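Chemist: There's a structure below that I have some questions on.
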Amino acid sequence: MADWEVAVTFPRLAGFSGNWVEGGEYGTFGESVRAAIGSEHPYCSEFLPSLAAEAQAALVLFPEPAALAANVGQRITWVSVATLRELLQGVNEHMSQEHAAAI
């Protein structure tokens, strides 16, 4: 994918980069995921579904790590199969633990 295609297809993942990953404020990717989720709580249902959808779409469109890196990772450098799965796991855990009654 060209840079503009990544920006149009995955705007929330790209935004997650600038807000939570690239600043170096967090020691691990998992910490940045938890911080991002915590910052949106209790309005998670307005932010997390679209972020999770983009993460899942990237995994479905590019299931092979090399293809994901070549197409999305060139523009969003933290993206990998492992980090997208970690993001999805964080979203799913938060929503099931904190919002189970609302779902």
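Chemist: For the chain, run through the chymotrypsin sites (Phe, Trp or Tyr not before Pro) and keep only the ones in DSSP coil with at most 14 other Cβ atoms within 10 Å of their Cβ.
Modeler: Here the sparse-neighbourhood loop sites are Tyr43.
Chemist: Here's something else I'd like to know. As a test of reading the structure, rank Thr83, Thr77 by solvent-accessible area (1.4 Å probe, protein chains only), most first.
Modeler: I get Thr77, Thr83, largest accessible area first.
Chemist: If I model the stretch 8-103 as equal point scatterers sitting on the Cα atoms and use the Debye formula, what is log10 I(q)/I(0) at q = 0.13, 0.18, 0.24 Å⁻¹?
Modeler: With one equal scatterer per Cα and no solvent, log10 I(q)/I(0) is -0.42, -0.79, -1.33.
Chemist: Excluding ligands, DNA and RNA, what is the solvent-accessible area per residue of the chain at a probe of 1.4 Å, expressed in Å²?
Modeler: I get 56 Å² per residue for the chain.
Chemist: In addition: Over the chain, with a Gaussian network built from C-alpha contacts below 10 Å, which listed residue (Val60, Val72, Val91) shows the highest mean-square fluctuation?
Modeler: The residue that fluctuates most here is Val60.
Chemist: On a C-alpha basis, how far is the centre of the stretch 64-100 from the centre of the stretch 1-22 in Å? Whole number, if you could?
Modeler: One Cα centre to the other: 12 Å.
Chemist: Which angle between 0 and 90 degrees, to the nearest 10, do you get for helix 29-40 versus the longest principal axis of the chain when only C-alpha atoms count?
Modeler: Tilt relative to the chain: about 50 degrees.
Chemist: Could you please state how large a percent of the accessible area of the chain is carbon and sulfur, counting protein chains only and using a 1.4 Å probe?
Modeler: After summing per-atom areas, the C and S share lands at 53 percent.
Chemist: With +1 assigned to the C-beta of every Lys and Arg and -1 to the C-beta of every Asp and Glu, and no other charges, what is the dipole magnitude of the chain about the Cα centre in debye, to the nearest 20?
Modeler: 120
The values are calculated or read from the model by the stated rules, or taken from the named source; none is laboratory data. Note that the coordinates shown come from a computational prediction; the quantities given were computed from them, not determined experimentally. Every residue, glycine as well, gets a Cβ built from its backbone with ideal geometry; the counts of neighbours run over all protein chains shown. Accessible surface is based on the protein model in full, side chains and every heavy atom, while ligands, DNA and RNA are left aside. Shrake-Rupley method; radii C 1.70, N 1.55, O 1.52, S 1.80 Å.
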